[in-house]
Amino acid sequence: MNLNVPKREWTGFAVAIVLVVGSLSFAIISSSQALGRLGEYKAHNDDLSTTVSQANRVVISADEAERIQTKIGALRDCFADAQKQGLIVSQLSEFARDRGLHVLEIQPTRPTGAAPSAYPLYRISVQGGFEQIAAYMDGFKSMRIPARAVGFGMWPATEGVAAARQALTADITVEAFIHQEPPKEVQNG
């Protein structure tokens, strides 16, 4: 091996080695920077994916918003109708006839005993079979203006066609729902 080669011949070789080493160093540094950026992009992507999935759970479609607005309108109408005593009596009467009961009387009443009622009370007298009376009472909660039974009495009918059919007479006291505004301190709190 002859080391007496002129420096000029080694210069090109040395420059080539420096360029290769520099290129490799640049490639390694660039790839590590690129990997770092890719990691950042992945983290941002994960954050955005989480945000989108959370938004999809809370954001509703236009159809759903319209359906909710329709329900709110119906509820407001129901609140307004609940203030109309004649409409409540009519609803209770129609509901009884739909169950096959004979309505003897429906009238507003006052609470008996010491505890006042926060809602209007109605006394309903009907005649019919046990199953019909039970279905009538069970259906109070599904009426447009909901009601609930707070008093009940039943006995065999003693007069007329109802007695001949062995029907029962029932006196039912119901409490009808009316919308009441919460106290001011609850509204503001």
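The table below gives the values:
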quantity: Residue 11 surrounded by 10 or more Cβ atoms within 10 Å (Cβ to Cβ) and at pLDDT 80 or above; calculated: no
quantity: Options 85, 127: the member that is within 16 Å of residue 177 (Cα to Cα) and touching a strand residue (DSSP E or B) at 6+ places or on another chain (Cβ under 7 Å); calculated: 85
quantity: Some residue of region 89-100 being in the same structural domain as residue 153 (by TED's automatic domain parsing), under 34 Å from the mean Cα position of the chain (by Cα) and in contact (Cβ under 8 Å) with a residue 60 or more places away in the chain; calculated: yes
quantity: Selected residue [over 30 Å from residue 148 (Cβ atoms) and either surrounded by fewer than 10 Cβ atoms within 10 Å (Cβ to Cβ) or in contact with a Pro (Cβ under 7 Å, 6 or more places away or on another chain) (or both)] from 30, 61, 49, 23; calculated: 61
quantity: Hits in region 56-102 - residues which are at pLDDT 90 or above, part of a loop (DSSP other than H, G, I, E, B) and either touching an Asp or Glu at 6+ places or on another chain (Cβ under 6 Å) or on the phi < 0 side of the Ramachandran plot (or both); calculated: 99, 101
quantity: Failed criterion for residue 125 (all others in (1) within 21 Å of residue 155 (Cβ to Cβ); (2) among the polar types (S, T, N, Q); (3) in a loop (DSSP other than H, G, I, E, B) hold); calculated: (3)
quantity: Verdict on residue 82 being closer than 19 Å to residue 175 by Cα and under 30 Å from the mean Cα position of the chain (by Cα); calculated: yes
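The values are calculated or read from the model by the stated rules, or taken from the named source; none is laboratory data. What you see is a predicted model; the values in this text were computed from it and never measured. Positions of Cβ are generated from backbone atoms using ideal geometry, with glycine treated the same way; all protein chains shown enter the neighbour counts.
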